[in-house]
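Let me begin by presenting the structure, written as structure tokens, before commenting on it.
Computed from the coordinates by the stated procedures, all read-outs in this text should not be read as laboratory data. Please read all numbers here as calculations on a predicted model, not as lab measurements. Every residue, glycine as well, gets a Cβ built from its backbone with ideal geometry; the counts of neighbours run over all protein chains shown.
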Amino acid sequence: MALEPTSPEAQAELARRHKAAAVTVAGLLIATVLLSVVAFVARPYLIERPPNGSLDIATRIIVLFFGLGAVAWRRNRFSPMRLQDIAGLAGVTGLIKTLEKTTIQLAVLAEVIATIGFIVTLITGNELYTYWSCAIAAVVLVYCYPTRSSWLRTVYRFTDNRTEPATE
């Protein structure tokens, strides 16, 4: 039997998964800020190397690719047609699982951006790589932060019984 979006079980599932996703995103945001703090504190210990143009360009392209890729990934995974199909096939539970999984995937992608900048800082000795990559990662994390009201609207929108065909 499929869950109704207003049932206590569905609301409890949504609350549990939303909390898990929100805590994950918040934790990775804190980790991103801590990477910047580590780069700042380690500045006297970093060995500044001569500028490496190819590494600089490669880092910028990779960070840009992942940053724009996060936006494209979110738009693709949360497209109305896809969410409607998921709700039709897997119901409320499948829709909530998709919201959680995609949010966590985006948060991990943001942390990859921050980690790339930190690694390049360790290689080059220039802490600015960590600062700007962490700034981009923070923007991606804020962009993917799940608001409970948006999850509720999504669940209600795509699991509304009035839009389903009548079964006999």
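Calculate how steeply helix 53-77 sits against the longest principal axis of the alpha-carbon atoms of the chain, using the helix alpha-carbon long axis, and give the answer as 0 to 90 degrees to the nearest 10. Approximately 10 degrees, to the nearest ten. Between the helical axis of 8-41 and the longest alpha-carbon principal axis of the chain there is an angle of about 10 degrees. Cβ-to-Cβ counts within 10 Å put Ile86, Ile136, Ile30, Ile123 in ascending order as Ile30, Ile123, Ile86, Ile136, the fewest first. GNM remark for the chain: springs join alpha carbons under 10 Å apart, and the peak mean-square fluctuation among Ala26, Ala72, Ala87 falls on Ala72. Given their separation in residues at 0.36 nm each and the Cα-Cα distance between them, Leu128 and Val41 gain 30.0 nm when the chain is fully extended.
Based on Cα contacts under 8 Å between residues 6+ apart, the chain shows a relative contact order of 37 percent. Considering only Thr103, Thr24, Thr130, the mean-square fluctuation computed in a Gaussian network model of the chain, springs between alpha carbons under 10 angstrom, is largest for Thr24.
Dividing the summed -39500 (n - 2.57) terms of all DSSP H runs of n ≥ 4 by the residue count of the chain sets its mean residue ellipticity at 222 nm at -28000 deg cm²/dmol.
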